[in-house]
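Engineer: Sharing a structure with you now.
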Amino acid sequence: MDKLSKEEVLHVADLARIYVSDEEIENYKIELKQLLSDVEKIKDVKGYDDEILISPTDSFLTPREDVEKDTVEFNDIKKNIPNTFGNFVEVPVMINE
Amino acid sequence: MSKYLSLSIKEINELLKTKKIKPIDLVNEAFEEIESNKDLNCFITLDKENAYNKARELENKEVDNILFGIPIAIKDNIITKHLKTTCASKMLENFVPIYDATVIEKINSKNMIIIGKTNMDEFAMGSTSQTSYFGPPTNPWNKNMIAGGSSGGSASCISARLVPFALGSDTGGSIRQPASYCGIVGMKPTYGRVSRYGLVAFASSLDQIGPMTTNVYNNALLLNAIVGFDEHDLTSVERKEEDFTRLIGEDIKGMKIAVPNFFLSDIISKEIKENVEKIIELLKENGATVDYVDIKYLDNAVNLYQIIAMGEASSNLARFDGIKFGYSYENPENLEDLYRKSRAIGFGKEVKRRIMVGSYLLSGENATTYYNKALSIRDDMRKSFKDTFQNYDLIIGPTTTSTAYNLGEGLDDPRQTFMDDILVIPVNMAGLPGLNIPIGFSKKHLPIGLHIIGDSFEEAKMYKLASFIEGKLNLELNPLKEVAK
Amino acid sequence: MTEYKKTIGIEVHCELKTNTKMFSTSLNGYQTIANKNICAIDLGYPGTLPIVNKYAVELALKAAILLNCKINRTMHFDRKNYFYPDLPKGYQITQARTPIGVNGYVEIEIDGKTKKIGIHDIHIEEDTAKSIHKEDKSYLDFNRAGVPLIEIVTEPDMKSSSEAMAYLEKLKEILYYADISDCKMEEGSMRCDVNVSISKTEKLGVRTETKNIGSISSVGLAINEEAKRQEEVLENGGSIKEETRRYSELENKTILMRVKETGNDYRYFPEADIPYLTLTEEYIEKVKNDIPIMPNERRKIYKKHEISEINIEKIIQDKTISDYLLNFDDINLKIASNLLLGDIKAYLNKENKKLSDTKLTIEKFKTVVNKLDKGEIPNKVFKDILANLLETEKTFDEIVKDNNIETISDTKALLEIVNNILNNNEPSIIEYKNGHDRILKFLMGQIMKETKGSANPSLVNKILLEEISKR
């Protein structure tokens, strides 16, 4: 059966930032391939033109006025934040800075 | 105990107006029904405290609209301030939102009473509600069977008459397909009709919130309550106010109906096809014309959907990173470890699979090869639908290719879940409104649904046809009564 | 030996001067306590949607017009997907497919010649959160998350550090004068990434990107240092890799941050939460008409008024002065600018005030300049009443009267004083007539002393010369 390679699965897991175990890699090799060969079919479909439909609506954007409205207090969101330090959101040190 | 909730909405309203009952009686009944039907697993979170408080508060208020004091269930991917919103995921198991979705504000302004949050597929990804972190809801017509999905909890609780109204969301059939499996009325409105602000995004260009009810009239009433332009959602559309019940009861004579050939092809089960053909005869007998037509790209719709929905989902779900909210892996080795483990543990299998595929489909050259190509064919498909509506009032066909099936089936096939929605997906692609109404039962006595598709913003016309069929068929749609028989 | 030629392209990020953020209604202002100006949208809360700030679009359009860009009349936004803690949604909303402006240019003056620097595109996007790092943790402040930005990307048209610096000076001047951005590099409201490559042939070399340089002069230094480094690598037989570097002002050299992963996979795709935005012809015209007079136009006006080159640049550098001068079209701008750049600016600096804080009305200033222009008041009087002019509501005439300053313009009284002075200084007259011109200044001084500086200097001068000639 057609499968993705381990490298391909790991690349996709990298993009998605999802840890995958060796067992999962084996499953993904098959499952991802199945889904990808499904969508491959679209390559052969011929359309009328190159116009793209981003969202299925005929309406155009009405921008909003530049007025302050919906500010929230840090205390209100604090309960949902896994780690805080004072008024800051804490994370393991960022690399690539 | 009295059964008020099985009365018609007009009767309930009259009882409330004349103070023969109080909202709290309805709330009591809803919670009792939910309690005695726990095995349906319709709800993730019940909101007893607020529901009772609201009911008491309403006792001193004037009954100012027909939805006043009526219990409603909300799919758990619609944000409710101070009430846990989990999306049926471990990722948001303890997430308490800080604002209300626009539809919730609208529901509150009608003084409806929110009973709780309904079960669903995790992040609405699935067609059986079996991907829920909290276990699947079951089908009241056969409790060994799926309720459909992703709005399975909402469909199941309406079907079992636990509450009279529910909200669902529909990205690729997630309202209409479970409505069909559970024998209820479910509407996915035109894209832009209802604000998506506060709907946890799955695929932004497809998602739409819609009403799920026991009958057509109630459905139109709930749609009346939730539509409208919202400054918080730029894709919502400004329209003149209209009453979606206004055409209900009108004669269907002269209506022009189209049936796409694809909708009666071999992929549809025989029983379902027969039931739909019976409806076609019924419509013809009553003065409607029915023609068979071809709409382009219908057979590509699932692939288009896979590309667009998974692509958008991979991006929409990137915000769940263990930093600002949601599940966070404890004591990670470093930042990368925090990301990867939080997402690996917080998300379930189906969600991860879709994020992975979606990321792949947008990576490198694939964005052009797949995603932009899909957007382009999607534009063509929409035009083909629009062309059909130049000559026809409505399009009909079956909602699903089969009836509900056993729990546990199809879980191992990543493609099954998409094939369940093959008939309902095109509607999301084109941004059109789609409605399911029950039209009969299979030999195993499982509901069969008819899918009515309208042109953009033609929901009232769809309700007109649906209520006509509903009236003519006069089916017994309460599964519990059916069982008692 | 042929020399290496530099090729330079620049990407500038500028924060737009709006009241609120690009896609949310919380305040645009991050110089405050951490996580104060935030809302659910800025944190990427589930269920939130972006709502486009009209004024931000207007400012970006203004920039596109001023940079001579072709305007995309129908545009949409795109998502740039990557994971980083300062990016709350896991994607940045930007414009990749349909930037608001493309194919523009900025004119710079280099070695007395005008050169066009091509603008590849200018697009709208949102800023990321600010982070502080300490040991094994980083701390995030989302006040900056969602602040509206424009990114301006040049063609690789610059050949030297001086061209690059001239471009940045020019760009900054334009954006600042059109009120599009504060352009404060030191505070990060204007940020600069520089792409440098070197080559001996027409074929361009491999380029490196030096990120987030803190000032325009550092940009010049960084370019030269980076080119020098690349030359050394090539001369030693090495090859240049595509990489991201940063510039250390302390060590005056560029330092490697990271080698670019093969094809940064940002998975761009159209943002479905924001429908197409169309800019009508009328709207573009309206925005065009609202653009104030730009520095180059102002320079021409000043030149016509014979203001010195040095002072012209001084005025341009101080936009409040330049803007203030726009109020006048029929006064002596040379005198006016001298006052503003000299005594008035010194006073404001001393008092730590802004021109707009003072009570120097347009009328009052006009009177003063005209009086000075006609020689009706001496400079000394102006100095004496400066504080009054700036701090009180009184008119010029009232101030003069209240301070008992009388400008003696009575010819008869002056004649008497002049002759008195001349009578007491007979020898000086002889000296003057023998060609010692400075004696005139001495005599003027005597007269002004006698009149306590209140005499009209041009009148005194006239009478003095007449009376001397009579003797």
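Engineer: Give me the distance in nm between label points sitting 7 Å out from Cα along the Cα-to-Cβ direction at residue A:44 and residue C:70, one decimal.
Structural biologist: That separation, rounded to one decimal, is 3.8 nm.
Engineer: If a paramagnetic tag sat 7 Å from the Cα of residue C:187 along the Cα-Cβ line, which residues of the range C:6-44 would have the backbone N under 16 Å from that point?
Structural biologist: Residues C:14-21, C:27-34, C:37 fall inside that zone.
Engineer: Scanning chain C for GluC sites (Glu not before Pro) in DSSP loops with at most 14 other Cβ atoms within 10 Å, what's the longest stretch left with none?
Structural biologist: Working: sites that count: C:3, C:135, C:202, C:242, C:249, C:251, C:261, C:306, C:393, C:406.
So the longest stretch without any such site is C:4-134.
Engineer: Checking the table C:374/C:449; C:334/C:470; B:22/B:444 against a 32 Å threshold on Cα-Cα, which pairs fail?
Structural biologist: Numbers: C:374/C:449 21 Å; C:334/C:470 36 Å; B:22/B:444 40 Å.
Over 32 Å apart, Cα to Cα: C:334/C:470; B:22/B:444.
Engineer: Something else: Enumerate by residue number the trypsin sites (Lys or Arg not before Pro) in the range B:397-467 meeting two conditions: DSSP loop (anything except H, G, I, E, B), and at most 10 other Cβ atoms within 10 Å of the site's Cβ. Present the calculation step by step, with values, prior to reporting the outcome.
Structural biologist: On the way: sites: B:415, B:443, B:444, B:461, B:464; in loops: B:415, B:443, B:444.
Sparse-neighbourhood loop trypsin sites (Lys or Arg not before Pro): B:443.
Engineer: Under the rule that an exposed site lies in a DSSP loop and has at most 16 other Cβ atoms within 10 Å, name the longest stretch of chain A with no chymotrypsin sites (Phe, Trp or Tyr not before Pro) of that kind, not counting the sites themselves. Write out the running numbers ahead of the final one.
Structural biologist: Numbers: sites that count: A:48, A:60.
The answer is A:1-47.
Engineer: Positive end of the dipole of the range C:293-402, charges at C-beta (+1 Lys, Arg; -1 Asp, Glu), about the Cα centre: which of C:355, C:320, C:399 has its Cα farthest in that direction?
Structural biologist: The one lying farthest along the dipole's positive direction is C:320.
Engineer: For the range C:293-402, take the alpha-carbon Rg, divide it by the Kirkwood Rh, and send me Rg/Rh. Walk me through the numbers on the way to the answer.
Structural biologist: Values: Rg = 13.6 Å, Rh = 14.3 Å.
My calculation puts Rg/Rh at 0.95.
Engineer: Can you list the lysines whose alpha carbon is less than 17 Å from that of residue C:350, not counting same-chain residues fewer than 8 positions off?
Structural biologist: C:359, C:383
Engineer: Right, something else. Starting from the Cα of residue B:238, step 7 Å along the direction of its Cβ; do the same at residue B:412; then give the gap between the two resulting points in nm.
Structural biologist: Rounded to a tenth, the inter-label distance reads 5.6 nm.
Engineer: Relative contact order for chain B: what is it in percent, counting Cα pairs under 8 Å that are at least 6 residues apart?
Structural biologist: Values: 1109 pairs, mean separation 84.3, N = 485.
Relative contact order comes out at 17 percent.
Engineer: Kindly state, to the nearest 0.05, the FRET efficiency for residue C:352 paired with residue B:14, given R0 = 56 Å and r defined as their beta-carbon distance. Provide the component values of the computation, followed by the final result.
Structural biologist: Details: r = 74 Å, r/R0 = 1.32.
Once the sixth-power term is evaluated, E becomes 0.15.
Engineer: Enter the angle in degrees (range 0 to 90, nearest 10) between the Cα long axis of helix C:54-66 and the first principal axis of the Cα atoms of chain C, meaning the one along which they spread out most.
Structural biologist: Helix C:54-66 sits roughly 70 degrees off the main axis of chain C.
Engineer: Can you list which of the GluC sites (Glu not before Pro) found in the range B:234-324 are DSSP loop residues with at most 16 other C-beta atoms within 10 Å?
Structural biologist: Working: sites: B:238, B:241, B:242, B:250, B:271, B:274, B:277, B:281, B:285, B:312; in loops: B:238, B:241, B:242, B:250.
When the GluC sites (Glu not before Pro) of the range B:234-324 are filtered for loop state and at most 16 Cβ neighbours within 10 Å, B:238, B:241, B:242, B:250 remain.
Engineer: Between residue C:411 and residue C:236, what is 0.36 nm times their sequence separation minus the Cα-Cα distance? Round to one decimal in nm. All intermediate terms of the calculation are to be shown ahead of the outcome.
Structural biologist: Details: separation 175, 0.36 × 175 = 63.00 nm, distance 8.46 nm.
54.5 nm is the gain from fully extending residue C:411 to residue C:236.
Engineer: Let me check against my output: what whole-number percent is the relative contact order of chain C, with C-alpha pairs under 8 Å and at least 6 apart?
Structural biologist: Working: 784 pairs, mean separation 63.8, N = 471.
Reported relative contact order: 14 percent.
Engineer: On a 21 Å Cα-Cα criterion, which of the cross-link pairs B:75/C:80; A:6/B:324; C:113/C:345; B:341/C:211; C:17/C:54; B:84/C:36 come out too long? Please list the in-between numbers first.
Structural biologist: Numbers: B:75/C:80 30 Å; A:6/B:324 32 Å; C:113/C:345 33 Å; B:341/C:211 31 Å; C:17/C:54 12 Å; B:84/C:36 25 Å.
Exceeds cut-off: B:75/C:80; A:6/B:324; C:113/C:345; B:341/C:211; B:84/C:36.
Engineer: Carbon and sulfur together cover what percent of the accessible area of the range B:57-127 at a 1.4 Å probe radius?
Structural biologist: Working: 730 of 1860 Å².
The computed percentage sits at 39.
Engineer: Still on this model: Tell me, what is the percent relative contact order of the range B:1-115, built from C-alpha pairs under 8 Å that lie six or more residues apart? Display every interim value, and only then the final one.
Structural biologist: Working: 135 pairs, mean separation 31.4, N = 115.
Relative contact order comes out at 27 percent.
Engineer: Could you work out what % of the accessible surface of the range C:80-179 is carbon and sulfur, using a 1.4 angstrom probe and leaving DNA, RNA and ligands out of the count? Could you put the intermediate results ahead of the total?
Structural biologist: Working: 1620 of 3500 Å².
Taking all protein chains in place, the range C:80-179 shows 46 percent carbon and sulfur surface.
Engineer: Cysteines of chain B lacking any other cysteine beta carbon under 4.7 Å?
Structural biologist: Unpaired cysteines in chain B: B:87, B:182.
Engineer: Here's a follow-up. Over the range B:93-240, give the accessible area per residue in Å² for a 1.4 Å probe, as an integer.
Structural biologist: Numbers: 2560 Å² over 148 residues.
For the range B:93-240, the solvent-accessible area averages 17 Å² per residue.
Engineer: Continuing with this model, one more query. Which whole-Hz ³J(HN,Hα) couplings does the range C:5-20 yield from phi under the Karplus relation 6.51 cos²θ - 1.76 cosθ + 1.60, θ = phi - 60°, glycine and proline marked x?
Structural biologist: 9, 8, 10, 10, x, 10, 10, 10, 9, 10, 7, 7, 7, 9, 7, 10
Engineer: Check each residue of the range C:83-99 and keep those whose accessible area, probe 1.4 Å, is at least 40 Å² smaller with all protein chains in place than in the chain alone; give them in order of residue number.
Structural biologist: Buried by 40 Å² or more upon assembly, which counts only protein chains, are C:83, C:84, C:85, C:97.
Engineer: With a 1.4 Å probe, what is the total accessible area buried between chains C and A, in Å² rounded to the nearest 100?
Structural biologist: Values: alone 25180 and 10160 Å², together 31350 Å².
Chains C and A together bury approximately 4000 Å².
Engineer: Give the lysines whose C-alpha is closer than 25 Å to that of residue B:17, dropping any in the same chain fewer than 8 places away, or say none.
Structural biologist: Excluding near neighbours in sequence, the set is B:3, B:48, B:54, B:61, B:106, B:110.
Engineer: Interface size between chain B and chain C, please: total buried accessible area, 1.4 Å probe, rounded to the nearest 100 Å².
Structural biologist: 2800 Å²
Engineer: Grab the DSSP H runs of chain B that are 4 residues or longer, score each as -39,500 (n - 2.57), total them, divide by all residues and round the 222 nm result to the nearest 500 deg cm²/dmol.
Structural biologist: Numbers: 16 runs with 176 residues, N = 485.
One gets -11000 deg cm²/dmol as the mean residue ellipticity at 222 nm.
Engineer: For residue C:5, go through the lysines and keep the ones whose alpha-carbon is under 17 Å away, minus same-chain ones fewer than eight residues off.
Structural biologist: Within the straight-line limit of under 17 Å, residue C:5 reaches these lysines: C:159, C:200, C:203, C:228.
Engineer: According to a simple spin-label model (label point 7 Å from Cα along Cα-to-Cβ), what is the distance in nm between residue C:319 and residue B:445?
Structural biologist: Result: 7.8 nm between the two label points.
Engineer: Let me ask you something else. Efficiency by 1/(1 + (r/R0)^6): what FRET value for residue A:30 and residue B:270, r their Cβ-Cβ distance, R0 = 25 Å, to the nearest 0.05? Provide the component values of the computation, followed by the final result.
Structural biologist: Working: r = 32 Å, r/R0 = 1.30.
Efficiency computed from Cβ-Cβ geometry: 0.15.
Engineer: Then there is this: Determine the residues within the range B:175-198 where the difference in accessible area between the chain on its own and the full set of protein chains amounts to at least 30 Å²; count protein heavy atoms only and use a 1.4 Å probe.
Structural biologist: B:191, B:196, B:197
Engineer: Can you compute the helix-only [θ] at 222 nm over chain C? Use -39500 (n - 2.57) per DSSP H run of at least 4 residues, normalise by all residues, nearest 500 deg cm²/dmol.
Structural biologist: Details: 16 runs with 179 residues, N = 471.
After summing the helix terms and dividing by the residues of chain C, the value is -11500 deg cm²/dmol.
Engineer: Separate question: Does anyone have the angle between helix C:362-373 and the longest principal axis of chain C? Alpha-carbon axes, 0 to 90°, nearest 10?
Structural biologist: 50 degrees
Engineer: Which value, in Å², gives the accessible area per residue of the range C:293-402 when a 1.4 Å probe is used on the protein heavy atoms? Intermediate values should be presented prior to the final figure.
Structural biologist: Numbers: 6060 Å² over 110 residues.
Value returned for the range C:293-402: 55 Å² of accessible area per residue.
Engineer: Next question. Counting other C-beta atoms within 10 Å, and keeping those with at most 15, which DSSP coil trypsin sites (Lys or Arg not before Pro) do you find in the range B:158-259?
Structural biologist: Values: sites: B:161, B:176, B:193, B:196, B:239, B:240, B:246, B:253, B:256; in loops: B:161, B:193, B:196, B:239, B:240, B:246, B:253.
In loop regions of the range B:158-259 (DSSP not H, G, I, E or B), the sparsely surrounded trypsin sites (Lys or Arg not before Pro) are B:239, B:240, B:246, B:253.
Engineer: Between chains A and B, what is the buried accessible area summed over both chains (1.4 Å probe, protein heavy atoms, nearest 100 Å²)?
Structural biologist: Details: alone 10160 and 19120 Å², together 23940 Å².
About 5300 Å² of accessible surface is lost on pairing.
Engineer: Sticking with this structure for a sec: For the pair residue B:277 and residue B:368, what calculated FRET efficiency results from E = 1/(1 + (r/R0)^6), where r is the Cβ-Cβ distance and R0 = 45 Å, to the nearest 0.05?
Structural biologist: Efficiency, from the Cβ-Cβ distance: 0.55.
Engineer: Please report, as a whole percent, how much of the solvent-accessible surface of the range C:348-471 comes from carbon and sulfur atoms (probe radius 1.4 Å). Don't skip to the answer; put the middle values down first.
Structural biologist: Numbers: 3600 of 7550 Å².
Carbon-and-sulfur percentage of accessible area, whole number: 48.
Engineer: Another question, then. Round to the nearest 10 and give me the degree value, 0 to 90, for the angle of helix C:216-235's Cα axis relative to the longest principal axis of chain C.
Structural biologist: 50 degrees
The values are calculated or read from the model by the stated rules, or taken from the named source; none is laboratory data. The structure displayed is predicted, hence computed values, not measured ones. A quick note on method: Cβ atoms are made from the backbone with ideal geometry, for glycine too, and the neighbour counts reach across all protein chains shown. For the accessible areas, the whole protein counts, side chains as well, though only heavy atoms, and no ligand, DNA or RNA atoms are used. Shrake-Rupley method; radii C 1.70, N 1.55, O 1.52, S 1.80 Å.
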